[in-house]
């Protein structure tokens with residue numbers, strides 16, 4: 001039985017990944033900030049009659065004590081870790097002038113340093129696996145910066161660079177690092193990104209159109225189960241790739257960013273939002 005750890009497993013991608021991994025025969029340490037929010041996950045696993053494979057632990061990725069406690073638990077229970085999935089994170093919406101420095105720092109602290117800290121902390125257990133894997137949740141926002149999402153994009157660009165670097169570092173240890181780059185999916189991330197910001201009462205047409213675009217994207221977003229299924233394919237792959245763009249327009253955007261001059265991309269984006 002392979003052992004996987006998923007952060008942010010109480011909802012969204014994290015919960016679906018946990019369910020699919022347990023279906024595939026994995027034991028999963030499902031971590032979340034508030035374990036009381038793990039009830040729905042427990043119910044889903046109970047339907048599979050595999051509660052013995054689910055291990056819910058409290059973990060806030062910005063809390064060193066939480067990370068160490070979970071590390072000790074995994075070490076004592078399993079003595080190794082085969083798959084680390086850095087899924088926990090959130091999106092801070094807003095234009096540059098709208099976001100306080102406190103929120104800028106919190107965005108990077110959670111999405112970037114939380115991922116780095118988890119990866120560094122659990123590396124000794126991954127090294128004990130016959131073939132370790134690290135799967136980091138990026139985004140199409142880690143491929144191209146978008147107006148109204150600069151803080152989130154900055155965090156995902158950082159995850160892209162971090163993952164490229166450690167992939168090259170860890171290959172000699174038989175540990176594969178992969179990035180999942182989802183487009184828009186039906187999760188709460190975009191609703192939460194802008195819920196504290198007022199889309200009305202301002203005269204900036206670009207802002208209005210960005211809010212509208214985000215709402216429209218959310219309403220036509222894909223089924224997040226696609227991302228959970230992709231996790232299983234990555235875990236079962238003999239030679240996992242570095243990047244896995246997924247969802248409507250993700251693959252096109254990935255190629256366009258590499259091949260199309262920026263001035264043309266800029267013109268296309270601004271035309272769409274005006």
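Taking first residues from region 34-49 that are in contact (Cβ under 8 Å) with a residue 40 or more places away in the chain and on the phi > 0 side of the Ramachandran plot and partners that are surrounded by 11 or more Cβ atoms within 10 Å (Cβ to Cβ) and outside any helix (DSSP H, G or I), no Cβ contact under 6 Å between residues at least 6 apart in sequence or on separate chains turns up. Remark: pairs (first residue in region 241-266, within 16 Å of residue 142 (Cα to Cα); second residue part of a loop (DSSP other than H, G, I, E, B); Cβ separation under 6 Å; 6+ apart in sequence or on different chains) = 247/183; 248/183; 249/183; 250/183; 253/143; 254/143; 257/143; 257/144.
Does residue 27 count as free of Cβ contacts under 8 Å to residues at least 24 places away in the same chain and over 29 Å from residue 184 (Cβ atoms)? For residue 27, the condition - free of Cβ contacts under 8 Å to residues at least 24 places away in the same chain and over 29 Å from residue 184 (Cβ atoms) - is not met. All conditions in (1) modelled with pLDDT of 95 or more; (2) farther than 20 Å from residue 58 by Cβ; (3) touching a helix residue (DSSP H, G or I) at 6+ places or on another chain (Cβ under 7 Å) hold for residue 91, with the sole exception of (1). Taking the numbered list (1) under 14 Å from the mean Cα position of the chain (by Cα); (2) within 29 Å of residue 265 (Cβ to Cβ); (3) part of a helix (DSSP H, G or I) in turn, residue 166 passes all entries but (1).
Every residue, every condition in (1) at pLDDT below 95; (2) within 20 Å of residue 241 (Cβ to Cβ), yes or no:
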{"residue": "140", "(1), (2)": "yes, yes"}
{"residue": "143", "(1), (2)": "yes, yes"}
{"residue": "148", "(1), (2)": "yes, no"}
{"residue": "156", "(1), (2)": "no, yes"}
{"residue": "160", "(1), (2)": "no, yes"}
{"residue": "164", "(1), (2)": "no, yes"}
{"residue": "167", "(1), (2)": "no, yes"}
{"residue": "171", "(1), (2)": "no, yes"}
{"residue": "177", "(1), (2)": "no, yes"}
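Could you tell me whether residue 29 is crowded, with 17+ Cβ neighbours inside 10 Å and over 14 Å from the mean Cα position of the chain (by Cα)? Yes.
The values are calculated or read from the model by the stated rules, or taken from the named source; none is laboratory data. Values in this document were obtained by computation on a predicted structure and should not be read as measured data. Backbone-built Cβ (ideal geometry, glycine too); neighbour counts: all protein chains shown.
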